[in-house]
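Right, one structure below, let's go through it.
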Amino acid sequence: MKNFLALLLTLFLGYMIMSWLATNEFFPAMGDVDVTTRVSQKYIERDVNGNSEEVVFGEATNLESGPANTVTAIVADYRSFDTLGEVTVLFVSSLGVALLLGGTKQRRLELNFHPNFMLRVGSRALFGIILMTGIYISIHGHLTPGGGFPGGTMIASSMLLLYLADDEFRAKVKGFKILESTTGSAYVIIGLLGLLLGGYFLENLLVNGVLGDLFSAGMIPIIYILIGLKVGSEISGVIDNFLTEEGV
Amino acid sequence: MSAILLIVVPLLTAFISILFKKAAPYMLLIVSFASVVALGYMPLEVITIGGFNAPYGINLILDSYSLIGLYIVNSLFFLVVALNCVKYKKMSTILLVSLAGLNGLLLTGDLFNLFVFIEVSGIAAYLITTTNKKPLATFNYLVAGTVGSSLYLLGLIILYAMFGTLNMADMANEIAISGASASATAFPFLLMFIGLGVEAKLLPLNSWTKGILGSSNKLTGPIIAAVYAAAIGFVFGRLITDLFLINISEVLEIVIIIIVIASIVAGEAMAFSSKKVRDILLFSSIAQAGLVVLVFFYGFVGWGVFLIIANAAGKFILFVVANHASDELGTDEVSSLQGLFVNNKVVGVAFTVASLSAMGMPLFLGFVVKMNILGDLFSEGNLLIPGIILVTSLVEGIYFVRLLIKLWYKEDNLPEVKYDFTLKYVVVVLALLLMVFGVYTAPIENEADNLNTISFVEGGDL
């Protein structure tokens, strides 16, 4: 009965919200927005600090923001500070997992199945491919969909594969810690360099190059590689914490 | 010195500190002290990040409003750390992250960036409360906090869909020039209000509070009830003054006033009927949070700020003293703490000062603030709200006096609690400040009339 009432209440609230949004003249329907009046237009035209020329893929040079992928331009350049914050969210979450689940002496959790030889060897072969894909996605974040966060998650998923396909496997957690710490610090230090040399925190100090080149967009690929490694090592650390238990 | 360092330096130190576990507590101590000192060297300015001007890039706002917030939050944070960094070594990195998050909350001028910092400081807070050793209460806090911040985000998404910007100043401008009716923005504002209300402990969104503060220790009590409460109070103040009040519908106004008054009345009533010291304090801080929001809602920014300061300093003293006793004795029943101050007179006096200031007795800071708020409300011809504040203050007075009498008088069989020198020093200094500014009111009254957030709609100068 309680669940039923909860369902009714939720449906009622949902109806209220939908009907409110539908009748609100300031809430545009999907696709009806006039983008030219909004901040998004200037992101697409790279026109925040003034740019009169047209942005052409493979030709435009040294735009104010270099990534060909507009989402990356917003996430890692125009609003890079938010990304630093999100990186911190993941950092403190993985720290919390380690704090609550990690002890000093740990061993692998007993699985109630034992992977056979073929699975173990096969997963090692796959591991490299998944890892490479993850790194590729991170490095090409300024050109193609993806970037540091999805790339890092892929790197971690290759570690998860090893953990699941081999019940003896333990990664070197200390290495993850060092990687996590150095990449995080490097991100902040890049930001501080911008403040010191350019006057703005997280300012892009390198040349942006030709839009669409692999070596373009200045700092962005470097930041995305750092984020990829950081996210990868943090989530791998979380996986290790969940698949181990205390005691030797 | 750029104010962004207040966010970035603790963050950098946090990243480094996971490699040097032994040194982490000292890093925390140094960084939190340096943050307080550095505040003296920061000019009031709007800080652009990444070289992209607002509303396209993110900006931080250091006006006199956020500066005073930074001073109180950073100083109290440093005091909490100084009292606890030896005992809770494991928390050092998390405390560094929470310092970065709290400073971000106070500084940011961007609504989405605010959400990011709510998340950062929130997750840090959940982890800090794990030291209570009450996993279920922490889990409740986590769920409530996460749902709350998601609602804030949902409200923000709707606002973004409507007005196409995330910057606070730009949003306020867009709303003002769009001519949107007040009911058009009521729903997203309500969602954002609920989201922040969870952290601010407003009724009925505060179900986590009893589990967390009711079993708090010397770290979690002061940090949640004083430091976090102050930071959220300042965030609320900024959003209410600069965003909500620009375009508020009558219905939403009534809903908010009902929520706030319910928090005040229920908080004081619950505190009145509680038998444990920590419960009394936590219910009284729910009521105070309600009062803070109410004051901002009626537009008295300056007095809202001083109310936050008086509350934060007072609650800091009360929780530190009560938590130390309950950590030592393992209980916080008033009956078993009876006579606590007979052998701890110095601490007892500080506790008394803090509670007298909280109930609004003359000669203390709390009185000055409450008096002026009541005066301002009366002069606006509002009689209902001052009446409620007066009656609840009376209730507050009764239970605090009852508590004080029990803690001061007992003949024999006294509880054995020793307070160390640092703790005594800290609470006495804070209590002295409450008294000094309670008597020497000129600078505060002067400041309160001038203090305001930047008015975004009029173009905004510092």
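The values are calculated or read from the model by the stated rules, or taken from the named source; none is laboratory data. As the structure is a computational prediction, the values presented were derived from the model and not from experiment. Counting neighbours? That spans all protein chains shown, and the Cβs are built from the backbone with ideal geometry, glycine included.
Structure values in brief
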| quantity | calculated |
| --- | --- |
| Hits in the stretch B:319-351 - residues which are in a helix (DSSP H, G or I), buried (at least 18 other Cβ atoms within 10 Å of the Cβ) and of a type outside the set (A, V, I, L, M) | B:F319, B:N323, B:H324, B:S326, B:G348, B:F351 |
| Qualifying residue in the stretch A:224-231 (condition: away from every other protein chain (no Cβ under 11 Å), closer than 21 Å to A:T83 by Cα, surrounded by fewer than 18 Cβ atoms within 10 Å (Cβ to Cβ) and not basic (K, R)) | no |
| The stretch A:141-183, subset under 18 Å from A:R107 (Cα atoms) and assigned to a loop (DSSP other than H, G, I, E, B), residue nearest to the other protein chains (Cβ to nearest Cβ) | A:K172 |
| Test: residue in the stretch B:195-207 that is in contact (Cβ under 8 Å) with a residue 12 or more places away in the chain, within 13 Å of chain A (Cβ to nearest Cβ) and closer than 18 Å to B:L252 by Cα | no |
| Residues of the stretch B:161-189 satisfying the condition of being over 27 Å from the mean Cα position of the chain (by Cα), facing chain A (nearest Cβ under 9 Å) and farther than 14 Å from B:F244 by Cα | B:A161, B:M162, B:F163, B:G164, B:T165, B:S178 |
| Members of the stretch B:351-404 found to be of a type in the set (F, W, Y) and in contact with a Phe, Trp or Tyr (Cβ under 8 Å, 6 or more places away or on another chain), listed by number | B:F351, B:Y399 |
| Hits in the stretch B:11-47 - residues which are more than 9 Å from chain A (Cβ to nearest Cβ), touching a residue at least 60 places away in the same chain (Cβ under 8 Å), farther than 15 Å from B:L107 by Cα and among the aliphatic types (A, V, I, L, M) | B:A24, B:M27, B:L28, B:V31 |
| Matching option when the condition is over 22 Å from the mean Cα position of the chain (by Cα) and modelled with pLDDT of 85 or more, among A:L111, A:L131, A:L119, A:L101 | A:L119 |
| For A:A186: the one exception among (1) away from chain B (no Cβ under 12 Å); (2) among the hydrophobic types (A, V, I, L, M, F, W, C); (3) surrounded by fewer than 24 Cβ atoms within 10 Å (Cβ to Cβ) | (1) |
| Condition met for A:I155 (touching a residue at least 60 places away in the same chain (Cβ under 8 Å), under 20 Å from the mean Cα position of the chain (by Cα) and either closer than 16 Å to A:I137 by Cα or surrounded by fewer than 20 Cβ atoms within 10 Å (Cβ to Cβ) (or both)) | yes |
| Positions within the stretch A:212-248 being hydroxyl-bearing (S, T, Y) and in a helix (DSSP H, G or I), in sequence order | A:Y224, A:S233, A:S236 |
| Residues (exposed (fewer than 10 other Cβ atoms within 10 Å of the Cβ) and at the interface with chain B (Cβ under 8 Å from one of its Cβ atoms)) located in the stretch A:20-42 | A:E25 |
| Residue among B:I224, B:I248, B:I194, B:I177 that alone is at pLDDT below 90 and in a helix (DSSP H, G or I) | B:I177 |
| Subset tally (residues that are closer than 20 Å to A:T244 by Cα, more than 8 Å from chain B (Cβ to nearest Cβ) and loosely packed, with under 15 Cβ neighbours inside 10 Å) for the stretch A:79-123 | 10 |
| The stretch B:115-157: number of residues that are facing chain A (nearest Cβ under 10 Å) and either part of a loop (DSSP other than H, G, I, E, B) or among the aromatic types (F, W, Y) (or both) | 3 |
| Filter result for B:F234 (closer than 30 Å to B:K87 by Cβ, touching a residue at least 40 places away in the same chain (Cβ under 8 Å) and aromatic (F, W, Y)) | yes |
| Residue within the stretch B:94-114 that is free of Cβ contacts under 8 Å to residues at least 40 places away in the same chain, in contact with a strand residue (DSSP E or B) (Cβ under 9 Å, 6 or more places away or on another chain), facing chain A (nearest Cβ under 8 Å) and surrounded by 24 or more Cβ atoms within 10 Å (Cβ to Cβ) present | no |
| Hey, B:V8 outside any loop (DSSP other than H, G, I, E, B), within 14 Å of another protein chain (Cβ to nearest Cβ) and touching a helix residue (DSSP H, G or I) at 6+ places or on another chain (Cβ under 8 Å) or not | yes |
| Filter pass, B:L11 being buried (at least 22 other Cβ atoms within 10 Å of the Cβ) and at pLDDT below 95 | yes |
| In the stretch B:48-92, the residues that are of a type in the set (D, E, K, R) and within 14 Å of chain A (Cβ to nearest Cβ) | B:K89, B:K90 |
| Restricting the stretch B:115-137 to residues that are among the charged types (D, E, K, R) and on the phi < 0 side of the Ramachandran plot, the residue that is surrounded by the fewest Cβ atoms within 10 Å (Cβ to Cβ) | B:K134 |
| Filter result (aromatic (F, W, Y) and assigned to a strand (DSSP E or B)) within the stretch A:184-211 | A:F201 |
| Which listed residue, of B:K315, B:K275, is surrounded by fewer than 24 Cβ atoms within 10 Å (Cβ to Cβ) and at negative phi | B:K275 |
| Subset of the stretch A:189-201 [surrounded by fewer than 18 Cβ atoms within 10 Å (Cβ to Cβ) and more than 8 Å from chain B (Cβ to nearest Cβ)] | A:L193, A:L196, A:L197 |
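Results for (1) over 22 Å from B:A287 (Cβ atoms); (2) crowded, with 18+ Cβ neighbours inside 10 Å, shown as yes or no for each residue.
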{"residue": "B:M361", "(1), (2)": "no, yes"}
{"residue": "B:F364", "(1), (2)": "no, yes"}
{"residue": "B:V369", "(1), (2)": "no, yes"}
{"residue": "B:I398", "(1), (2)": "no, no"}
{"residue": "B:F421", "(1), (2)": "yes, no"}
{"residue": "B:L434", "(1), (2)": "no, yes"}
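Okay, residues lined up against (1) facing chain B (nearest Cβ under 10 Å); (2) assigned to a loop (DSSP other than H, G, I, E, B); (3) among the aliphatic types (A, V, I, L, M); (4) exposed (fewer than 10 other Cβ atoms within 10 Å of the Cβ):
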{"site": "A:L5", "(1), (2), (3), (4)": "no, no, yes, yes"}
{"site": "A:T10", "(1), (2), (3), (4)": "no, no, no, no"}
{"site": "A:M18", "(1), (2), (3), (4)": "no, no, yes, no"}
{"site": "A:D47", "(1), (2), (3), (4)": "yes, yes, no, no"}
